[in-house]
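*Asks:* Before we start, here is the structure in question, set down as structure tokens.
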Amino acid sequence: MELNLNKLTKQYGSKLAVDRVTLTLQPGLTALLGANGSGKTTLLRMIVDIIKPTSGEIFYDGKNIMKLKEQYLCDIGYMPQHLGMYPNFKVEEFLYYMATLKGLKKSYAKIQIDKLLHKVNLEEKRHHKIKTLSGGMYQRLGIAVCLLNDPKIVILDEPTAGLDPKERMNFKNLISSISQDKIVILSTHIVSDISEIADRIMIMKDGSIISYDRPEVLLKEMEGKVYALTVPNDNVVNYEKYTIVNRKVGREETYLHLLSDEKIEGATLLTPDLNDLYLYHFKDGEEF
Amino acid sequence: MNNWKRKLKDYTVPEVKREKIESLVELCATYLPKTIDDRFEISKVKQALMVTFSGKKSWLLLELLVSVIFLFGIYHIVKDQALFFITFISSLMTFILILSFLQNISYGTWEIEKTCMISTEKVLLYKIMIIGLLHMVLLFFLSLYTFFLTPYDFVTILCYGFFPFFLSFALLFHLSIYFHSKMLFLGIFICVNIISFLLISSFHAISSIALSVAILISSIVYFLFSIHKYFIKMEEEGGCLLWN
Ligand SMILES: Nc1ncnc2c1ncn2[C@@H]1O[C@H](COP(=O)(O)OP(=O)(O)OP(=O)(O)O)[C@@H](O)[C@H]1O
Ligand SMILES: [Mg+2]
């Protein structure tokens, strides 16, 4: 099972949202990291075929998805960033409705719905209306909808927004348990959500993929670029030119956690983590 | 015995060409049934029915209510204004019908719906086909009923009944390609009522049934045209309908 993107491009007017993305996706969890407006949502929408690329193709097991159409769609599960569900439907009712749209047989849908409601911890909300769910429950229902047809390709666009730490952990476990034999792409800003479980990390910037590899490899590249040092308070200005990941101001001295390409005198080297990696790539004053 | 052993030692398994196996597998695959998976419903009719009648069904109730009001209304109150009444009821029904379609698109669910096997376009198509047909049958019977109760001839009644139905459909789909607004919906409902009544009765006043039939047919053509246009637009833009 393999998904190939070939020079995928999407242009909105003069704005190039996704710029000639070429890559191969394999089973496992691929995390898509990128700042706001870097084109993550646009890329994922093209992968699930809800918007057409300006140019470029996508191949699923060597076949163009434009030709596969329904065969491709029955392998897809998608959870959009702005999840919309009918507020007046009951949870179970909505799941059945979506199962119908996904073309599932009623008998199969019943099994799946029971299983998934248990998995996302929404069994007791089964007969409640969607508008009565809290933000996090709503999000979890979205995940259940996405997995209804037992898809082989799972695309999640910022699925963890609004989950509390416990649900975040549950979610992490759920995702890593399904991602062995599926192609899972998860876009997020929250680095801790994908640390430890991501098989590959993809970093997107201004519409292009600037790096795509296993986390160990990416972190290895970061080695020797992360420093820690403690300086007197009035000396901090000298270090503002570096990317400061963390600073802790004391009464006389400040602890700094910095990223730098060149060696900093008197600083100790730290082991890089994914947060450092993210900030290293988005250091130019970009919000995240 | 020794001879045997030697022979066995020298024997090599003939190599099977990889391409040969692959081509054989491909050939077999073409004979396998084309169903994608046994998880999925294959019958298109079943699919269409499932889609049409899943989700909220309040529109069915409303439709029934309107029919009942019509039956009583035409019998008791407005017998001599039957034609206007049927025009009004017809576009009211269309209004309810379209409301049932819009339930699908008004909350931004299109993004997940579009990734389904039965895409939003297909849902709309199925609904237009099935509910539209139901609606037409209902309207036909109501017209028949009116025919027995009033002095008008059947063709006239049919024209008054069906013209607003097609016109409001067509206008709504056509205009919503260009404008995204909720007011449009209400506006069309009111306008179609007035326009269609005026149009038909003015043609009728010229006393040509042929003319009335002609505009009925042209409204059907316009209806088909605008739906076609709308579907093309939907393909391009995703979930666009009246609002999203
Ligand atoms: N429908 C559209 N019309 C015009 N421009 C668009 C449209 N959708 C996205 N864009 C532009 O494309 C770029 C990428 O947007 P996209 O939504 O893919 O970013 P993102 O990485 O998902 O951001 P976020 O992290 O905020 O969700 C942005 O600059 C955005 O303004
Ligand atoms: Mg996004």
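*Asks:* Label points 7 Å out from Cα along the Cβ direction at A:Val236 and B:Tyr75: separation in nm?
*Replies:* Each label point lies 7 Å from its Cα, and together they span 8.5 nm.
*Asks:* Given H placed on each backbone N at 1.01 Å, which residues far from A:Arg20 in sequence or on other chains put an amide H within less than 5 Å of it?
*Replies:* The answer is A:Thr9, A:Lys10.
*Asks:* Search the structure for amide H atoms under 5 Å from the amide H of A:Ile51, placed 1.01 Å from N in the peptide plane, and list their residues when 5 or more places away or on another chain.
*Replies:* A:Met46
*Asks:* Something else: Hey, which lysines would be in cross-link range of A:Lys15, C-alpha to C-alpha under 20 Å, not counting anything within fewer than 8 residues on its own chain?
*Replies:* A:Lys7, A:Lys40, A:Lys52, A:Lys205
*Asks:* Hey, got the dipole for region A:3-118? About the Cα centre, +1 on K and R Cβ, -1 on D and E Cβ, debye to the nearest 20?
*Replies:* Details: 16 positive and 9 negative charges, 38 e Å.
Here region A:3-118 has a charge dipole of around 180 debye.
*Asks:* Something else: Would you jot down the residues in region A:95-110 that end up with at least 30 Å² less accessible area in the complete protein assembly than in the chain alone, with a 1.4 Å probe?
*Replies:* Output list: A:Tyr97, A:Met98, A:Thr100, A:Leu101, A:Lys102, A:Gly103, A:Leu104, A:Lys105, A:Tyr108.
*Asks:* Going through region A:219-273, which GluC sites (Glu not before Pro) have at most 11 other Cβ atoms within 10 Å and a DSSP loop state? Don't skip to the answer; put the middle values down first.
*Replies:* On the way: sites: A:Glu221, A:Glu223, A:Glu240, A:Glu252, A:Glu253, A:Glu262, A:Glu265; in loops: A:Glu223, A:Glu240, A:Glu252, A:Glu262, A:Glu265.
Qualifying residues, ordered by number: A:Glu223, A:Glu240, A:Glu252, A:Glu262, A:Glu265.
*Asks:* Rank A:Tyr242, A:Tyr60, A:Tyr138 by mean-square fluctuation in a GNM of chain A with C-alpha springs under 10 angstrom and give only the top-ranked residue.
*Replies:* Comparing A:Tyr242, A:Tyr60, A:Tyr138 in a Gaussian network model of chain A, the most mobile one is A:Tyr242.
*Asks:* Run through the DSSP bridge list for chain A and note the antiparallel percent, rounded to the nearest 5.
*Replies:* On the way: 35 of 55 bridges.
Rounded to the nearest five, the antiparallel share is 65 percent.
*Asks:* Relative contact order for chain A using alpha-carbon pairs under 8 Å, separation at least 6, rounded to a whole percent?
*Replies:* On the way: 511 pairs, mean separation 63.3, N = 288.
The value is 22 percent.
*Asks:* Please list 3J(HN,Hα) in residue order for region A:26-43, calculated via the Karplus relation 6.51 cos²θ - 1.76 cosθ + 1.60 where θ = phi - 60°; whole Hz, with x for glycine and proline.
*Replies:* Rounded to whole hertz, the list is 10, x, x, 8, 9, 8, 10, 9, x, 6, 4, x, 7, x, 4, 4, 4, 4.
*Asks:* Sticking with this structure for a sec: Of B:Lys114/B:Lys229; A:Lys10/A:Lys102; A:Lys115/B:Lys127, which pairs sit farther than 23 Å apart, going by alpha carbon to alpha carbon?
*Replies:* Numbers: B:Lys114/B:Lys229 19 Å; A:Lys10/A:Lys102 27 Å; A:Lys115/B:Lys127 30 Å.
The answer is A:Lys10/A:Lys102; A:Lys115/B:Lys127.
*Asks:* May I ask you to list the GluC sites (Glu not before Pro) in region A:1-102 that are in a DSSP loop and have at most 12 other Cβ atoms within 10 Å of their Cβ?
*Replies:* Details: sites: A:Glu2, A:Glu57, A:Glu70, A:Glu92, A:Glu93; in loops: A:Glu2.
Taking region A:1-102 and a limit of 12 other Cβ atoms within 10 Å, the loop GluC sites (Glu not before Pro) found are A:Glu2.
*Asks:* If you count only protein heavy atoms and use a 1.4 Å probe, how large is the accessible surface of A:His118, to the nearest 10 Å²?
*Replies:* 120 Å²
*Asks:* Which residue, A:Gly266, A:Leu133, B:Leu216, has the largest displacement toward the positive end of the dipole of the protein assembly as shown when charges sit on each Cβ (Lys, Arg +1; Asp, Glu -1)?
*Replies:* Highest projection toward the positive end goes to B:Leu216.
*Asks:* In the protein assembly as shown, what percentage of the DSSP-assigned beta bridges are antiparallel, given to the nearest 5? Walk me through the numbers before you get to the answer.
*Replies:* Values: 36 of 56 bridges.
Restricted to the protein assembly as shown, the bridges split so that about 65 percent are antiparallel.
*Asks:* Oh, and also: With N set to the number of residues, divide the alpha-carbon radius of gyration of chain A by 2.2 N^0.38 Å and report two decimals. It would help to have the intermediate numbers written out before the result.
*Replies:* Values: Rg = 21.5 Å, N = 288, 2.2 N^0.38 = 18.9 Å.
For chain A, the normalised Cα radius of gyration comes out at 1.14.
*Asks:* Turning to a different aspect of this structure: Roll a 1.4 Å probe over the protein heavy atoms and report the accessible area of B:Thr150 in Å², nearest 10.
*Replies:* Accessible surface of B:Thr150 is approximately 10 Å².
*Asks:* Rounded to whole Hz and in sequence order, give me ³J(HN,Hα) for region A:219-228 from the Karplus expression 6.51 cos²θ - 1.76 cosθ + 1.60, θ = phi - 60°, writing x for Gly and Pro.
*Replies:* So the J values, rounded to whole Hz, are 5, 4, 5, 7, 4, x, 10, 10, 10, 10.
*Asks:* Could you grab the relative contact order for region A:226-270? Cα pairs under 8 Å, six or more apart, rounded to a whole percent. If you can, show how the numbers build up before the last one.
*Replies:* Numbers: 73 pairs, mean separation 23.8, N = 45.
53 percent.
*Asks:* For A:Lys131 and A:Leu23, compute 0.36 nm times the residue count separating them, minus their Cα-Cα distance, and round to one decimal in nm.
*Replies:* Working: separation 108, 0.36 × 108 = 38.88 nm, distance 3.95 nm.
Extra length available between A:Lys131 and A:Leu23 comes to 34.9 nm.
*Asks:* About its Cα centre, how strong a charge dipole does chain A have in debye, to the nearest 20, once Lys and Arg get +1 and Asp and Glu get -1 at the Cβ? Could you put the intermediate results ahead of the total?
*Replies:* Numbers: 38 positive and 38 negative charges, 295 e Å.
That gives a dipole near 1420 debye.
*Asks:* What are the ³J(HN,Hα) values, in whole Hz, obtained from phi via the Karplus relation 6.51 cos²θ - 1.76 cosθ + 1.60 with θ = phi - 60°, for each residue of region B:49-63 in sequence order, with x given for Gly and Pro?
*Replies:* Here the 3J(HN,Hα) series is 5, 4, 5, 4, 9, 8, x, 5, 10, 4, 4, 4, 5, 4, 4 Hz.
*Asks:* If I model a spin label at A:Gln180 and A:Asp206 as a point 7 Å from the Cα along the Cα→Cβ vector, what separation in nanometres do I get?
*Replies:* 4.3 nm
*Asks:* Okay, moving on. For A:Lys248 paired with A:Ser107, estimate the spin-label separation in nm (one decimal), with each label point 7 Å from Cα along the Cα-to-Cβ line.
*Replies:* Reported label-point gap for A:Lys248 and A:Ser107 is 6.2 nm.
The values are calculated or read from the model by the stated rules, or taken from the named source; none is laboratory data. Not measured: the values here are computed from a predicted model. Heads up, the Cβs are rebuilt from the backbone with ideal geometry, glycines too, and the neighbour counts pull from every protein chain shown. When the accessible area is computed, the model is the full protein with side chains, heavy atoms only, and any ligands, DNA or RNA have been set aside. Shrake-Rupley method; radii C 1.70, N 1.55, O 1.52, S 1.80 Å.
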